[in-house]
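Accompanying notes for the structure given below.
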Amino acid sequence: MPSDSLPHSPSPQIPFQFGDFQKNDLASFLAGENKDLLKLVNLITSKEKNHSLYLWGESGTGKSHLLQAACKQAAENKLHVAYIPLKQLSELSAEMLHDLGELDLVCVDDIEYVAGQIEWQQGLTWLYNELRDNNHSMIISSNKSPTNINLEVEDLKSRLGWDQAAQIKSPGDDVKIQILKQKANARSFELSDDVIEFLIRRVERDMGSLIEVLDKIDHASLAAKRKITIPFVKELINT
């Protein structure tokens, strides 16, 4: 079926919200070198600028946080929004895309998960066109640049770079420390500066790896009922 032949529902479901994006907000996104990107997202969520934005970067750079926070802020600004987490693709149906073209903002997280899924790729192409025609916005995230992403539907792949594509820059060590403290606090435990600096020196330096270790520390400290110290963490990461 051609990408522009998906049926357009005469009664779009507005507002439509999918996923729990209430926990993250733009104020808690530690921008680091991504201040211009954060500024653009703020403009989109306030409807000051209608835009298609493609964000890409490695795991742990805050892509999902940023998309969820964008949806939250747009909803607080009385806009109609949808957040679509494609990591949960097996739980979703491509038909859900049919009624979203009238929304002010649609955030599509982890678009690389539709590789090999032709119906989804066609549906996203149609949705992109519909939102653009209606002067609405779409924010898409991926771990691949728009030129390197593995998609079979060329119409979709070409559209990903039409407006603006931005790579989320990895945080420096000072921002990593703030992020780890923030995420530890969200899990109701504290990490001392010494423990955090030890983690940054001893663990893979990408945020995805650091957050995985943070989750491991959280579970292990609860199970062992032990204080989180450097010897405890050292024992944990060496097992």
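The values are calculated or read from the model by the stated rules, or taken from the named source; none is laboratory data. Predicted, not measured: the structure shown is a model, and the values here were computed from it. Here the Cβ positions follow ideal geometry from the backbone for every residue, glycine too, while neighbour counts run over all protein chains shown.
Structure above, values below:
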{"quantity": "Elements of type helices (runs of 4 or more DSSP H) contained in the stretch 140-214, each with 3 or more residues being farther than 27 Å from Leu105 by Cα", "calculated": "173-186, 193-202"}
{"quantity": "Within the stretch 96-130, considering residues that are closer than 23 Å to Asn150 by Cβ and small (Gly, Ala, Ser), the one surrounded by the fewest Cβ atoms within 10 Å (Cβ to Cβ)", "calculated": "Gly116"}
{"quantity": "Positions within the stretch 136-147 being polar (S, T, N, Q) and modelled with pLDDT of 95 or more, in sequence order", "calculated": "Ser137, Ser141, Ser142"}
{"quantity": "Number of the condition not met by Arg226 [criteria: (1) modelled with pLDDT of 85 or more; (2) loosely packed, with under 15 Cβ neighbours inside 10 Å]", "calculated": "(1)"}
{"quantity": "Residues of the stretch 131-145 classified as touching a helix residue (DSSP H, G or I) at 6+ places or on another chain (Cβ under 7 Å) and surrounded by fewer than 19 Cβ atoms within 10 Å (Cβ to Cβ), total", "calculated": "2"}
{"quantity": "Hey, Leu124 part of a helix (DSSP H, G or I), without any contact (Cβ under 8 Å) to a residue 40 or more places away in the chain and assigned by TED's automatic domain parsing to the domain that holds Val81 or not", "calculated": "yes"}
{"quantity": "Residues satisfying the stated conditions in the stretch 61-101, i.e. under 28 Å from Gly32 (Cα atoms) and among the small types (Gly, Ala, Ser)", "calculated": "Gly62, Ser64, Ala69, Ala70, Ala74, Ala75, Ala82"}
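Each row is one residue, and each column tells you yes or no for (1) surrounded by 15 or more Cβ atoms within 10 Å (Cβ to Cβ); (2) at pLDDT 90 or above.
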| position | (1), (2) |
| --- | --- |
| Phe21 | yes, no |
| Asp25 | yes, no |
| Asp36 | no, yes |
| Lys39 | no, yes |
| Asn50 | yes, no |
| Trp56 | yes, yes |
| Gly62 | yes, no |
| Leu67 | yes, yes |
| Ala74 | yes, yes |
